[in-house]
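S.K.: I'd like to ask you about the structure that follows.
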Number of protein chains: 2
Amino acid sequence: MGGDHAPGHEIDGALAAVREASDRLDLILVGDESKVRALWTQRGGDTSAVRFVHAAQVITMEDKPTAALKDKRESSLAVGMRYHQEGHADAFVSAGNTGAVLSAATLILGRVKGVSRPTIGTFIPAEHGECLLLDAGTNVDCRAQHLYEFGVMGSIYFERIVGKQRPTVALLNVGEERLKGTEVVLEAHKMLEASSLQFVGNVEGRDILKAKADVVVCDGFVGNIVLKFGESVPSFLKAKLRQAADRSLLDKVAIGLARGAMRRALGVLDPNLHGGVPVLGVNGVAIIGHGSASPVGIKNMVLRAVEVAQSGLNRHIAAALEAPSTSVA
Amino acid sequence: MGGDHAPGHEIDGALAAVREASDRLDLILVGDESKVRALWTQRGGDTSAVRFVHAAQVITMEDKPTAALKDKRESSLAVGMRYHQEGHADAFVSAGNTGAVLSAATLILGRVKGVSRPTIGTFIPAEHGECLLLDAGTNVDCRAQHLYEFGVMGSIYFERIVGKQRPTVALLNVGEERLKGTEVVLEAHKMLEASSLQFVGNVEGRDILKAKADVVVCDGFVGNIVLKFGESVPSFLKAKLRQAADRSLLDKVAIGLARGAMRRALGVLDPNLHGGVPVLGVNGVAIIGHGSASPVGIKNMVLRAVEVAQSGLNRHIAAALEAPSTSVA
């Protein structure tokens, strides 16, 4: 109920997911039941194909996460997350207030054993392939242990969900040399090096869009800034192309002709392709989507939740972080 | 002598600078004198229009900065910086090893009174205008006091050199709210707020390419990563356009027709436009250029050095950082 286009996009996306994966998906819609039920029917959905769980309140994008969770215990977000925690659902998906979903996942589901700090990553499209950058903004002040755990969780997620055996893991840094970086990063480098991960050392800012490693580890301060900087690039390009077009009629014509091609070329930048990212390190499956997720984005989030729920991700995370071979003296 | 295209680009750029600004520029060329003198003459330069200072050694891009300065005391970099420090020149310009120029500036020139850490900024082109991001990679572990000083130095540089009265200063952060960020950033926020700067609060990663503030302050870890990420965007775009062209003949034709327009649109990304950035906070004028600076880039560095030398920048920095009104209890 709390996404930018809720519940319309949510219903349309859910409908598409049910149609695409009815064999492996038993969908539950949490929200204002009469509204959700009416919309589901109106869009052609079969009410016997889903379950409805009523939630009387909504956490909005403007709400402060922690306060909202305390004050709005009957919000679709809190009700849905509890429903998952109680075992009535195998996963929870939301395009609502990111901070609130994260807080709810951490507070209601609790942490996987061995995890100090749950994290969220983000997939960044690259020249070839993509990389998973984490933390993407959850934990701004990190110790080396946290960065190490992000590497472990990211590696397991990449292996289980993207399906690549022994993905490469790198530390985002200001140089490739091992003695570069802040004190925290230098310490994390040692821990990652001593781990059983496929650690390839440091990568620099310029290596992200080249996906020089599958998993790129950083603190949430750097991750958030890089992510948001990247998201602002298309708008910058548009502005510069418009300015060039205003300076020259010939350029205007050429740019106009190439507009469709450019849009297709940059289609990889569409955040809806991925359909959300999981909160890694919580005892459950919580997928967070972009607030403005399209119906396709919502559908992809739901299908991603199915995959994650079936992957045994948390079992692998707990095993990796409890194993003595991955820790450093 | 240590730039990627030295001394060819250096000579060509110096020649252009002398021709453009002979009234306010008295140029000194430091390096292998016979080589430099021969090249200067060969390119049509008048040997009476410049002075030559011999330096027998060269610090290369591969040299470790501090070790190189100790071992190569007769390098063009060390000789030139000392020549400046001794008062025989008003500024020093180099497109050589960035770390070595920075170390030489700090060690040979010393710090301006009140400055804890010299810094280097970088101009980032924006949708409209540009912003000065600093620190750009010099100081990876920063305390709040350092960030505060970067704000002061950046503001004075922007005011004196770009020529804008009371430029806006912002803190790069993960959210606009004043309580966002790491402990260091929260503390720096208080100091900047209490200062006499035109502080506009936090900006996010997405605000850099919009130049939401003239001066954007961050530690060198974040600054370096954002800067290098940004530098990798053109290559990413090229790769994606090439991939689109390979998928569709029509797109290939359209992209081919628009190539020139796109190049002109993105011309603002050319690092040679700015011709280097100064080391802020050292007792002198040291301008560092891109290792691969074109002759135009070199020329712009030299002209920038003239401007900075005439601006009284360091006097203003010392005054601002000594003044009690700019410090916080």
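The values are calculated or read from the model by the stated rules, or taken from the named source; none is laboratory data. Just so you know, these numbers come straight off a predicted model, no measurement behind them. A quick note on method: Cβ atoms are made from the backbone with ideal geometry, for glycine too, and the neighbour counts reach across all protein chains shown.
S.K.: Would you check which residues across segment B:206-228 are facing another protein chain (nearest Cβ under 7 Å), without any contact (Cβ under 8 Å) to a residue 60 or more places away in the chain and within 13 Å of A:PHE236 (Cβ to Cβ) and list them?
M.R.: Answer for segment B:206-228, where residues must be facing another protein chain (nearest Cβ under 7 Å), without any contact (Cβ under 8 Å) to a residue 60 or more places away in the chain and within 13 Å of A:PHE236 (Cβ to Cβ): just B:ARG206.
S.K.: If you scan segment A:86-102, which residues turn out to be of a type in the set (Ser, Thr, Tyr) and surrounded by fewer than 24 Cβ atoms within 10 Å (Cβ to Cβ)? Lay out the reasoning, then the answer.
M.R.: So the first thing to find is which residues in segment A:86-102 are of a type in the set (Ser, Thr, Tyr), and the list is A:94, A:98.
Scanning segment A:86-102 gives a single hit, A:THR98.
S.K.: Shifting gears a bit: For segment B:86-109, check the following and say yes or no: at least one residue is among the acidic types (Asp, Glu) and under 24 Å from B:GLU183 (Cβ atoms). Walk me through it before giving the result.
M.R.: Step one: of segment B:86-109, the residues among the acidic types (Asp, Glu) are B:86, B:90.
Narrowing the set further to residues that are under 24 Å from B:GLU183 (Cβ atoms) leaves none.
No, there is no match, as no residue in segment B:86-109 is among the acidic types (Asp, Glu) and under 24 Å from B:GLU183 (Cβ atoms).
S.K.: Continuing with this model, one more query. So if I check each of A:ALA239, A:ALA261, A:ALA254, which one is within 14 Å of chain B (Cβ to nearest Cβ), part of a helix (DSSP H, G or I) and modelled with pLDDT of 90 or more? Working first, answer last.
M.R.: Numbers: A:ALA261 fails: modelled with pLDDT of 90 or more; A:ALA254 fails: modelled with pLDDT of 90 or more.
The match here is A:ALA239.
S.K.: Among the residues of segment B:157-175, count how many are in contact with a helix residue (DSSP H, G or I) (Cβ under 9 Å, 6 or more places away or on another chain) and either part of a loop (DSSP other than H, G, I, E, B) or outside the structural domain of B:LEU192 (by TED's automatic domain parsing) (or both).
M.R.: 7
S.K.: Hey, another quick one. Going residue by residue through segment B:274-283, is there one that turns out to be modelled with pLDDT of 95 or more, within 25 Å of B:PHE92 (Cβ to Cβ) and of a type outside the set (A, V, I, L, M)?
M.R.: Yes, some residue in segment B:274-283 is modelled with pLDDT of 95 or more, within 25 Å of B:PHE92 (Cβ to Cβ) and of a type outside the set (A, V, I, L, M).
S.K.: Right, next: Out of the residues in segment B:165-185 that are surrounded by fewer than 17 Cβ atoms within 10 Å (Cβ to Cβ) and either modelled with pLDDT of 95 or more or farther than 19 Å from B:LYS210 by Cα (or both), state the one that is nearest to the other protein chains (Cβ to nearest Cβ). Spell out the reasoning first.
M.R.: First pass over segment B:165-185, keeping only residues surrounded by fewer than 17 Cβ atoms within 10 Å (Cβ to Cβ): B:165-166, B:175-179, B:183.
So of that shortlist, the ones also either modelled with pLDDT of 95 or more or farther than 19 Å from B:LYS210 by Cα (or both) come out as B:165-166, B:178-179, B:183.
On the way: B:GLN165: 25, B:ARG166: 25, B:ARG178: 14, B:LEU179: 10, B:GLU183: 6 Å.
Checked segment B:165-185; the qualifying residue nearest to the other protein chains (Cβ to nearest Cβ) is B:GLU183.
S.K.: Another question, if that's okay. Tell me, which residue of segment A:186-205 that is assigned to a helix (DSSP H, G or I) and among the small types (Gly, Ala, Ser) is nearest to the other protein chains (Cβ to nearest Cβ)?
M.R.: Checking each candidate, the answer is A:GLY205.
S.K.: Let me ask something else about it. Counting just the residues of segment B:46-101 that are part of a helix (DSSP H, G or I) and among the polar types (S, T, N, Q), which one comes out nearest to B:PRO7 (Cα to Cα)? Break it down into steps so the answer makes sense when it comes.
M.R.: Taking segment B:46-101 and keeping what is part of a helix (DSSP H, G or I), we get B:65-71, B:76-85, B:98-101.
When the remaining residues are screened for being among the polar types (S, T, N, Q), the result is B:66, B:76, B:85, B:98.
Details: B:THR66: 23, B:SER76: 11, B:GLN85: 23, B:THR98: 16 Å.
Among those that are part of a helix (DSSP H, G or I) and among the polar types (S, T, N, Q), it is B:SER76.
S.K.: Looking only at segment A:289-307, count how many residues are surrounded by 24 or more Cβ atoms within 10 Å (Cβ to Cβ) and of a type in the set (Val, Ile, Thr).
M.R.: Count: 2.
S.K.: Does A:VAL152 fit the bill of being farther than 27 Å from A:GLY267 by Cβ, hydrophobic (A, V, I, L, M, F, W, C) and not assigned by TED's automatic domain parsing to the domain that holds A:GLY223?
M.R.: On the way: farther than 27 Å from A:GLY267 by Cβ: yes; hydrophobic (A, V, I, L, M, F, W, C): yes; not assigned by TED's automatic domain parsing to the domain that holds A:GLY223: no.
In short, no.
S.K.: Follow-up question, since we're still on this one. Go through (1) in contact with a Gly (Cβ under 7 Å, 6 or more places away or on another chain); (2) not assigned by TED's automatic domain parsing to the domain that holds B:ILE287 and name the single condition B:GLY96 misses.
M.R.: (2)
S.K.: Away from chain A (no Cβ under 12 Å), of a type in the set (Asp, Glu), farther than 19 Å from B:LEU227 by Cα and surrounded by 20 or more Cβ atoms within 10 Å (Cβ to Cβ): is that true of B:GLU159 in this structure? Reasoning before the result, please.
M.R.: Numbers: away from chain A (no Cβ under 12 Å): yes; of a type in the set (Asp, Glu): yes; farther than 19 Å from B:LEU227 by Cα: yes; surrounded by 20 or more Cβ atoms within 10 Å (Cβ to Cβ): no.
No; evaluated as a whole, the condition is false for this residue.
Here's the yes/no breakdown for (1) crowded, with 24+ Cβ neighbours inside 10 Å; (2) under 18 Å from A:VAL277 (Cβ atoms); (3) not hydrophobic (A, V, I, L, M, F, W, C):
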| site | (1), (2), (3) |
| --- | --- |
| A:ALA126 | no, yes, no |
| A:ARG143 | no, no, yes |
| A:SER155 | yes, yes, yes |
| A:ALA188 | yes, no, no |
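S.K.: Of all the residues that make up segment B:232-275, how many are touching a strand residue (DSSP E or B) at 6+ places or on another chain (Cβ under 9 Å) and over 20 Å from B:GLU127 (Cα atoms)?
M.R.: Residues that pass the stated criteria total 2.
S.K.: On the given criteria, is A:GLY230 within 24 Å of the chain's Cα centre (by Cα) and either closer than 25 Å to B:LYS228 by Cα or not β-branched (Val, Ile, Thr) (or both)?
M.R.: Spelling it out, A:GLY230 is indeed within 24 Å of the chain's Cα centre (by Cα) and either closer than 25 Å to B:LYS228 by Cα or not β-branched (Val, Ile, Thr) (or both).
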